[in-house]
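Visitor: Take a look at the following structure, please.
The values are calculated or read from the model by the stated rules, or taken from the named source; none is laboratory data. Just so it is clear, the structure is predicted and the values come from calculations on it, not from any experiment. Glycine also receives a Cβ, built like all others from the backbone with ideal geometry; neighbour counts cover every protein chain displayed. We work out accessible area using only protein heavy atoms, side chains counted, and drop any ligands, DNA or RNA first. Shrake-Rupley method; radii C 1.70, N 1.55, O 1.52, S 1.80 Å.
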Amino acid sequence: MSPTPIERFLQAIDEQWPETEPRIPFRVLGSTALMLQTAYIRGTKDSDVLGVDPIIGKVAQDLLALAGKDTALHRKHHVYLDVVGSGVPFLPHPPKWNQVRELNARLRSFEVLALDIPDVVVSKLKRFHDNDKADIKAMTDRNLVDHAYLVERFLSAADVFSMDARAQHLTRYAENLNWVERECLGVAETEYELPPWADA
């Protein structure tokens, strides 16, 4: 099977990167994580990488210089890299990362790990734009999202956000979860209440 556009982009980064040992973990989230694990393809402008160790400091700077917005790789592949801070995404705790084994067998310096599909769905409840809804619908249509497990992962992510000022947004994220339950899964909506300690 020929490489997908996202795989070609990641292989191009690897080809231009100095060979590294041990290989650098490359944690991919968002729609690109879905496309690395399924036959789903849609147009995307970025390949998000979670900004956790070692994708920080000089490594992050060098990655953005090589494959960030307006670079030669961006212009060639119509995809650019965006390094995401570790505290930004709405992620279950701990997030589940899956090896992209066939791609990794072709790489020298990076080890690509894609965020698990239900965890991607949870992460998309934060922004919840039309593209996010389309991504979620595509995964539920493929029967790749179990309702009980999705709720469990949502609550795990909500627990983390409930401990600080981000708690004020959780009610909206729960409403977005209800939309997924109602419109995509056809199941009863989950009732969510902020824990009493949450500073909403």
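Visitor: Tell me, what HN-Hα J-couplings in whole Hz come from the Karplus equation 6.51 cos²θ - 1.76 cosθ + 1.60 at θ = phi - 60° for each residue of segment 8-20, using x for Gly and Pro?
Guide: 5, 5, 5, 5, 5, 4, 4, 5, 9, 9, x, 4, 10
Visitor: Near the amide H of F110, under 5 Å away, which other amide H atoms are found, from residues 5 or more places off or on another chain, if H is placed in the peptide plane?
Guide: Excluding prolines and chain starts, which carry no amide H, the hits are I24.
Visitor: Here's something else I'd like to know. Under the √(5λ) rule applied to the eigenvalues of the Cα gyration tensor, what semi-axes describe the equivalent ellipsoid of segment 53-151? Give them in Å, descending.
Guide: 26, 16, 15
Visitor: About the Cα centre, and with charges only on the beta carbon of Lys, Arg (+1) and Asp, Glu (-1), how big is the dipole of the chain? Nearest 20 debye, please.
Guide: My answer is approximately 640 debye.
Visitor: On the protein heavy atoms, probe 1.4 angstrom, tell me the percent of accessible surface of segment 95-182 carried by carbon and sulfur.
Guide: 48 percent
Visitor: Hey, rough spin-label estimate for V187 and M163, points 7 angstrom out along Cα→Cβ, what's it come to in nanometres?
Guide: The modelled label-to-label distance comes out at 2.7 nm.
Visitor: Output wanted: per-residue J couplings in Hz (rounded whole) for segment 151-156, from phi through Karplus 6.51 cos²θ - 1.76 cosθ + 1.60, θ = phi - 60°, x for Gly and Pro.
Guide: Computed from phi, the couplings for segment 151-156 are 5, 4, 6, 4, 5, 5 Hz.
Visitor: Now a separate question. Over the Cα atoms of segment 1-116, what radius of gyration and what Dmax do you get, in Å?
Guide: Answer for segment 1-116, Rg first and Dmax second: 13.0, 36 Å.
Visitor: Quick check on packing: order 145-154, 182-191 by the mean number of other C-beta atoms within 10 Å, highest mean leading. Present the calculation step by step, with values, prior to reporting the outcome.
Guide: Working: 145-154: 17.4, 182-191: 12.7.
Highest-to-lowest ranking by the protection proxy: 145-154, 182-191.
Visitor: Could you tell me the ratio Rg/Rh of segment 104-200? Both radii from Cα atoms, Rh via Kirkwood. Present the calculation step by step, with values, prior to reporting the outcome.
Guide: On the way: Rg = 15.1 Å, Rh = 14.4 Å.
With Rg and the Kirkwood Rh in hand, the quotient comes to 1.04.
Visitor: Which entry in (i) 18.7, 58; (ii) 17.4, 52; (iii) 28.0, 103 is this structure's computed Rg and Dmax of the Cα atoms in Å?
Guide: Answer label, from the structure shown: (ii).
Visitor: Over segment 58-181, average the accessible area per residue using a 1.4 Å probe and give it in Å², no decimals.
Guide: Accessible area per residue, segment 58-181: 48 Å².
Visitor: Spin-label point model (7 Å from Cα, Cβ direction): what's the N131 to Q61 distance in nm?
Guide: 2.8 nm
Visitor: Using only DSSP helix segments of four residues or longer, with each worth -39500 (n - 2.57), what per-residue ellipticity at 222 nm results for the chain after dividing by its residue count and rounding to 500?
Guide: That calculation yields -13000 deg cm²/dmol at 222 nm.
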